[in-house]
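These notes concern the structure reproduced below.
Computed from the coordinates by the stated procedures, all read-outs in this text should not be read as laboratory data. Bear in mind the structure is a predicted one, so any value in this text is a computation, not a measurement. Cβ: placed from backbone, ideal geometry, glycine included. Neighbour counts: every protein chain shown.
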Amino acid sequence: MKIVSRSAVTILIFFFVSILLKAQTPPFYHYTSNEGLASSTVFSMIQDREGFIWFGTLGGLTRFDGKNFVSYGVKDGLNSNSIINLAEGINGELFAGTYEKGINVIKNGKISNYLPKSTSEPFHVANIFIDRKRTEGQRLYAYRNAGYIRIIDETKDGIISISTIKGAPPIINRANLLEDGTLIVTAKEGLFTTENGVLKELTIDGLPEGPIFCITPLKDGSYLIGMTSLV
């Protein structure tokens with residue numbers, strides 16, 4: 001009798017939990033250019049520290065406050081309407097990478113070209129990210145899938161300098177920083193890091209050859225590496 005009773009209680013609990021889970025299904029909203037997005041083709045999204053959600057789209061940059069959309073384009077100061085990637089700076093500014101003409105910065109409600117005219121030239125940007133552990137000034141990495149990686153340093157006084165990491169591989173899947181600050185690049189040709197401003201392939205015992213798409217740290221200090229199937 002006790003076993004049957006416990007089973008019955010378990011079934012009832014499962015029944016009520018199932019009802020509760022169904023009742024808590026989050027709402028789903030579908031937003032397009034009809035609702036106010038600059039374009040229905042969205043490349044990047046980010047939520048800033050003030051709670052606004054920003055969308056980098058094929059038709060410009062859009063800010064969403066949960067109810068209303070506000071969009072910005074070339075007429076508002078963007079270098080290009082094709083916004084591929086977004087990153088928030090350490091001071092709350094927003095960086096917008098354009099695939100055609102470099103990087104814009106949105107700061108204090110103003111959109112401007114981030115790189116100074118004396119040192120900048122238009123370059124394609126597919127990805128940008130910030131070095132969050134840097135304590136002296138700000139460092140931004142910008143790159144595309146083929147070619148170079150730009151390192152853009154900004155001092156606390158706002159002085160900007162640019163250096164370039166060159167060399168193989170020709171096809172970059174993703175670049176990021178490890179926990180110790182080492183720049184790591186996953187590519188079609190394998191795993192790379194930098195040495196004297198040039199990309200250098202890493203040789204790791206047991207790591208199969210082939211395209212590497214991503215790398216992520218684990219809590220024990222090791223890393224997971226994403227590759228194509230070897231089967």
Quiz item: Label-point separation (nm) for N145 and I225, each offset 7 Å from Cα along Cα-to-Cβ?
Solution: 2.2
Quiz prompt | Separation in nanometres of the label points that stand 7 Å from Cα toward Cβ, at D65 and D180 | solution = 4.7
Exercise. Can you tell me the dipole magnitude for the range 78-231 around its Cα centre, using point charges on the Cβ only (Lys, Arg +1; Asp, Glu -1), in Debye to the nearest 20?
Key: 480
Quiz item: So how much slack lies between C214 and N196, counting 0.36 nm per residue of separation and subtracting their Cα-Cα distance, in nm?
Solution: 4.1 nm
Self-check item: the range 46-151: C-alpha gyration tensor shape, a/c 1.5 cut-off, then a/b vs b/c
Solution: oblate
Quiz item: Going toward the positive end of the dipole of the range 118-231, with +1 on Lys and Arg Cβ and -1 on Asp and Glu Cβ, which of V198, P208, S163 do you reach last?
Solution: S163
Quiz item: Scaled to the compact-protein estimate 2.2 N^0.38 Å, what is the alpha-carbon radius of gyration of the range 111-214, rounded to two decimal places?
Solution: 1.13
